[in-house]
Amino acid sequence: MIDPNSKYDETWSHDASEGRIVVAKNGKYGIIDTSNKVILPFTSKYNFIDGVKGGMALVQSQSGKYGFVDKNGKEVIAPKYAGTDGYFGGYYGFQEGLAGMSDGKKWGYITKTGKVAIPFIYDEIRPFSEGVAGVLKNGKWGFINGTNKTVIPFQFSDENVARYSVNYMGANYFIFDNGIAEVAMINDQEVCINKSAKKVACPN
């Protein structure tokens, strides 16, 4: 493993992600591999490049729009989106083949080829997990599948989502893990459901 700090001004991570490391030199970002070979030549085109996840790296243009390059440095989704679904200090990226993005007004999901898989009609979204994703519409949360079919009706009030900062977006909520998702915090008590929307005990 090379020490990128010995040659570059900045590294996004000391550890390689899928054999790639994002680095900066003279104010320009690029991507190298673990042998120090340049994969994406240093460019001022991007204001920011995130680490590679699932074969894709999030990029931000100088105008603040988001898109993706693949792990070989090829731009596969031009930066045109106003936001990317994320959590405090990071973003989810492609989960189960779909990434949550914003058109500046609403949220939807795109594929790795840039095709809109689920239209931009939601007020807030979560990444896909175990075949479903939590989405917010008209003040209520529900769950959809990859074809945008509602699988758990919109019934969980957004008022019961605890948001710890403006960036955090209540990220732990509405993501299934081992068949259980947290959907509310009521009277300082977590509320969880299973995929049948039945209340169950929350994991410790």
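Read-outs throughout are calculated quantities, based only on the coordinates presented, and are distinct from any laboratory measurement. Not measured: the values here are computed from a predicted model. Backbone-built Cβ (ideal geometry, glycine too); neighbour counts: all protein chains shown.
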Starting from the Cα-Cα distance between residue 112 and residue 65, subtract it from 0.36 nm times their residue separation and give me the gain in nm to one decimal. 15.2 nm
The chain, relative contact order [Cα under 8 Å, separation at least 6], %: 9
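As a quick test, which of the pairs 53/149; 28/65; 7/80 have an alpha carbon distance above 24 angstrom in this structure?
Beyond 24 Å: 53/149; 7/80.
Given N residues in the chain, what is its alpha carbon radius of gyration divided by 2.2 N^0.38 Å? Present the calculation step by step, with values, prior to reporting the outcome.
Values: Rg = 18.6 Å, N = 204, 2.2 N^0.38 = 16.6 Å.
Rounded to two decimals, the normalised Rg is 1.12.
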GNM flexibility winner over the chain from 95, 60, 189 (Cα, springs under 10 Å): 189
Across 10 Å bins from 0, what is the distribution of all Cα-Cα pair distances for the stretch 118-204, in whole percents? 18, 56, 25, 2
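Round to the nearest 0.05 the FRET efficiency obtained for residue 189 and residue 149 when R0 = 25 Å and r is the Cβ-Cβ distance. Don't skip to the end; give the middle numbers.
Values: r = 31 Å, r/R0 = 1.23.
The computed FRET efficiency comes out at 0.20.
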